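In what follows, a structure is listed as structure tokens, so that the remarks can point back to it.
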Amino acid sequence: MVDRLILMGVIGKPHGVRGAVRVISHADDAEALADYTLTDAKGRRFQIIWAHENVAWIEEVTATGTRRITTRTEAETLTNTELFVPRAELPETEEEEFYFTDLIGLDARGQDGAVLAKIANVLDYGAGVSLELANGVLIPFTKVSVPVVSVTGGFVVVDPPAEVTGSTEAQP
């Protein structure tokens with residue numbers, strides 16, 4: 001399996017004139033970003049040194065060492081840079097825990113065990129997480145709609161609500 005890159009944060013706007021930037025963290029613990037060497041979409045590598053809440057110094061990691069971003073102009077060029085970590089570098093999960101990326105590619109099975117489609121993506125726009133199946137169907141990622149998640153078994157069981165299946169049965 002190819003090691004997926006996990007989006008851990010995004011470099012925001014510069015903060016001040018000496019190269020500090022705001023950093024938007026997608027980690028449970030924002031400070032944990034400093035524990036990783038982060039990679040952007042171009043393959044550049046960075047380290048974060050927190051200055052204070054959501055403001056950090058950025059160091060570019062090169063073959064010859066690290067180079068700190070020290071000017072506002074240079075920091076501006078990094079605005080909206082997404083920062084990734086390979087999945088293999090993240091901590092192992094506890095039993096019944098998983099990363100959303102671990103769901104991508106699993107079979108989505110109906111209650112009868114029949115494979116409906118593979119999970120193509122996991123979407124989170126802030127109002128709740130949904131599973132996007134390869135056939136285009138979106139399933140709310142709730143315990144009611146996805147009662148079973150078996151990452152090691154390679155599947156999830158889905159019981160989508162009537163709005164998703166198009167059922168016209170009267171609801172209680």
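For beta carbons closer than 6 Å, sequence separation of 6+ or different chains, a first residue in segment 102-127 that is at pLDDT 95 or above and a second that is part of a loop (DSSP other than H, G, I, E, B) and among the polar types (S, T, N, Q), the qualifying pairs are ALA117/ASN135.
Would you confirm whether any residue within segment 32-40 is surrounded by 17 or more Cβ atoms within 10 Å (Cβ to Cβ), modelled with pLDDT of 95 or more and part of a strand (DSSP E or B)? The answer is yes; a qualifying residue exists.
In the set (1) of a type in the set (S, T, N, Q); (2) in a loop (DSSP other than H, G, I, E, B); (3) farther than 30 Å from TRP57 by Cα, the condition left unmet by THR70 is number (3). Considering ALA56, ALA63, ALA41, ALA51, the condition of being more than 19 Å from ILE11 (Cα to Cα) and out of contact with any Pro (no Cβ under 9 Å at 6 or more places or on another chain) is satisfied by ALA63 alone. Specify the residue that is farthest from ASN80 (Cα to Cα); the eligible residues are those in segment 10-31 that are among the charged types (D, E, K, R) and not in a loop (DSSP other than H, G, I, E, B). Across segment 10-31, the extreme among qualifying residues is GLU31. Would it be correct to say that ILE58 is part of a strand (DSSP E or B), β-branched (Val, Ile, Thr) and at pLDDT below 95? Answer is no for this residue.
For every residue, the table says whether it meets (1) under 15 Å from the mean Cα position of the chain (by Cα); (2) surrounded by fewer than 16 Cβ atoms within 10 Å (Cβ to Cβ); (3) among the polar types (S, T, N, Q); (4) more than 30 Å from LYS42 (Cβ to Cβ).
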position: VAL61; (1), (2), (3), (4): no, yes, no, no
position: PHE98; (1), (2), (3), (4): yes, yes, no, no
position: ILE104; (1), (2), (3), (4): yes, yes, no, no
position: ALA120; (1), (2), (3), (4): yes, no, no, no
position: LEU133; (1), (2), (3), (4): no, no, no, yes
position: LYS143; (1), (2), (3), (4): no, yes, no, yes
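Just give me the residues in segment 1-31 being surrounded by fewer than 18 Cβ atoms within 10 Å (Cβ to Cβ), more than 21 Å from VAL122 (Cβ to Cβ) and not small (Gly, Ala, Ser), in sequence order. Passing the criteria: LYS13, VAL17, ARG18, ARG22, GLU31. Only residues that are assigned to a loop (DSSP other than H, G, I, E, B), modelled with pLDDT of 95 or more and farther than 15 Å from TRP57 by Cβ were counted across segment 80-91, and they come to 1. For segment 125-165, give me each residue that is under 24 Å from LEU7 (Cα atoms) and touching a Ser or Thr at 6+ places or on another chain (Cβ under 8 Å). The answer is GLY128, LEU138, ILE139, PRO140, PHE141, VAL156. Residue count for segment 69-85 satisfying the condition of being surrounded by fewer than 14 Cβ atoms within 10 Å (Cβ to Cβ) and either closer than 23 Å to ARG4 by Cα or touching a strand residue (DSSP E or B) at 6+ places or on another chain (Cβ under 8 Å) (or both): 3.
The values are calculated or read from the model by the stated rules, or taken from the named source; none is laboratory data. This structure is a prediction, so every number in the text was calculated from the model and none was measured. So basically every Cβ, Gly included, is an ideal-geometry build from the backbone, and we count neighbours across all protein chains shown.
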